[in-house]
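K.L.:
Below you'll find the structure I mean.
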Ligand code: MF3
Ligand code: CO
């Protein structure tokens, strides 16, 4: 139960401005969409200027860590070495790796190779070899603010089939991103991602999606890609979420390793790729915060 703000009360966003001069029209527009039956965001997931500034600082570490990995990842390296790099660099820069101990997750990063869809455990036994495609998924906490993004890396000589999967998955994210604008819908993005993957003969994992992020690791909304234009949550300025489709070369089905309850694989053993970006909805479009 929330008390309705008066026009001259201070705005809920803590800008210090009067409600009527700040978010009143914004709230009315959201209320109208809700009345029309749309899913609308709660104030708790709309970030103010101070929060956005803090989240951007966290993103700087996330980007620096991924840039470092991009320069140093190589054939013959094991994925436990990547985990150590992520831990060392993140903490050196004053951050905390968000995955570490998150719901019992035992490492600082996820490294998912070939048919691993996501949440791959770094291991001394997983040695990167020529032809592998690997997703490195990095997330950082800085001063309580969360960032999250992932990239694909191609090791040595990768087959044209795998290279195409990696490229098309990146294109999916780029095409989805183009659809992110205020007063649009999350489904505009989801459909763009899905349609491009489908047109290329691929499938998009249904069970695992992106998420709101910033004040927590995973916030509302849940971000799927089997959605349609004009559906799912209304997008408004100040929302931050990830776009991170997992695109399978073969069938859509996945399974979770029942020994550790984390690692996700394609059911048919064919490769899967993922890129993850973190995007802010702005007054006139969007801004990519992390990639
Ligand atoms: N970084 C992942 C994401 O994109 C989260 C992984 S959960 C973890 O949402 F515990 F494995 F880190
Ligand atoms: Co994420």
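The values are calculated or read from the model by the stated rules, or taken from the named source; none is laboratory data. Note that the structure is predicted; figures quoted are calculated from it, not measured. All Cβ positions, even for glycine, are placed from backbone atoms using ideal geometry, and neighbour counts span all protein chains on display.
Residue-by-condition table, conditions (1) at pLDDT below 95; (2) on the phi > 0 side of the Ramachandran plot; (3) surrounded by fewer than 18 Cβ atoms within 10 Å (Cβ to Cβ):
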{"residue": "184", "(1), (2), (3)": "no, no, no"}
{"residue": "191", "(1), (2), (3)": "no, no, no"}
{"residue": "194", "(1), (2), (3)": "no, no, no"}
{"residue": "201", "(1), (2), (3)": "no, yes, yes"}
{"residue": "207", "(1), (2), (3)": "no, no, yes"}
{"residue": "214", "(1), (2), (3)": "no, yes, no"}
{"residue": "225", "(1), (2), (3)": "no, no, no"}
{"residue": "228", "(1), (2), (3)": "no, no, yes"}
{"residue": "236", "(1), (2), (3)": "no, no, no"}
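K.L.:
Right, next: Can you name the residue in segment 234-256 that is within 16 Å of ligand 2 (Cβ to nearest atom) and either free of Cβ contacts under 8 Å to residues at least 12 places away in the same chain or in a loop (DSSP other than H, G, I, E, B) (or both) and, of all such residues, is farthest from the chain's Cα centre (by Cα)? Give the derivation first.
P.N.:
Taking segment 234-256 first, the residues within 16 Å of ligand 2 (Cβ to nearest atom) are 239-247.
In the following step, the residues that additionally are either free of Cβ contacts under 8 Å to residues at least 12 places away in the same chain or in a loop (DSSP other than H, G, I, E, B) (or both) were identified as 244-245.
Numbers: 244: 5, 245: 8 Å.
Step by step, filter segment 234-256, then rank; the result is 245.
K.L.:
Of the numbered conditions (1) more than 21 Å from residue 67 (Cα to Cα); (2) surrounded by fewer than 18 Cβ atoms within 10 Å (Cβ to Cβ); (3) in contact with a strand residue (DSSP E or B) (Cβ under 8 Å, 6 or more places away or on another chain), residue 172 satisfies every one except a single condition; which is it?
P.N.:
Here residue 172 clears every test but (2).
K.L.:
Looking for whichever is within 16 Å of ligand 1 (Cβ to nearest atom), at pLDDT 95 or above, under 21 Å from residue 133 (Cβ atoms) and assigned by TED's automatic domain parsing to the domain that holds residue 107 here; the options are 257, 220, 268, 261. Which one fits?
P.N.:
On the way: 220 fails: under 21 Å from residue 133 (Cβ atoms); 268 fails: within 16 Å of ligand 1 (Cβ to nearest atom); 261 fails: under 21 Å from residue 133 (Cβ atoms).
Among 257, 220, 268, 261, only 257 is within 16 Å of ligand 1 (Cβ to nearest atom), at pLDDT 95 or above, under 21 Å from residue 133 (Cβ atoms) and assigned by TED's automatic domain parsing to the domain that holds residue 107.
K.L.:
Checking the structure you have, find out if any residue of segment 73-83 is within 25 Å of residue 55 (Cβ to Cβ), within 20 Å of the chain's Cα centre (by Cα) and within 16 Å of ligand 2 (Cβ to nearest atom).
P.N.:
No, that holds for no residue.
K.L.:
Another one. Only one residue in 81, 70, 75, 124 is in the same structural domain as residue 165 (by TED's automatic domain parsing), touching a helix residue (DSSP H, G or I) at 6+ places or on another chain (Cβ under 7 Å), farther than 25 Å from residue 223 by Cα and surrounded by fewer than 23 Cβ atoms within 10 Å (Cβ to Cβ), so which one is that? Don't jump to the end; show me each part of the working.
P.N.:
Details: 81 fails: touching a helix residue (DSSP H, G or I) at 6+ places or on another chain (Cβ under 7 Å); 70 fails: touching a helix residue (DSSP H, G or I) at 6+ places or on another chain (Cβ under 7 Å); 75 fails: touching a helix residue (DSSP H, G or I) at 6+ places or on another chain (Cβ under 7 Å).
Result of the check over 81, 70, 75, 124: 124.
K.L.:
Do the conditions hold for residue 145, that is, is it modelled with pLDDT of 95 or more, more than 17 Å from the chain's Cα centre (by Cα) and either within 21 Å of residue 242 (Cα to Cα) or within 16 Å of ligand 2 (Cβ to nearest atom) (or both)? I'd like the intermediate steps shown before the answer.
P.N.:
Numbers: modelled with pLDDT of 95 or more: yes; more than 17 Å from the chain's Cα centre (by Cα): no; either within 21 Å of residue 242 (Cα to Cα) or within 16 Å of ligand 2 (Cβ to nearest atom) (or both): yes.
So residue 145 fails the test.
K.L.:
Which of (1) within 19 Å of residue 66 (Cα to Cα); (2) in contact with a strand residue (DSSP E or B) (Cβ under 8 Å, 6 or more places away or on another chain); (3) without any contact (Cβ under 8 Å) to a residue 40 or more places away in the chain is the odd one out, the single condition residue 163 does not satisfy?
P.N.:
Every listed condition holds for residue 163 apart from (1).
K.L.:
Of the conditions (1) part of a loop (DSSP other than H, G, I, E, B); (2) touching a residue at least 40 places away in the same chain (Cβ under 8 Å); (3) touching a helix residue (DSSP H, G or I) at 6+ places or on another chain (Cβ under 7 Å); (4) within 16 Å of residue 196 (Cα to Cα), residue 226 clears all except one; give me its number.
P.N.:
(2)
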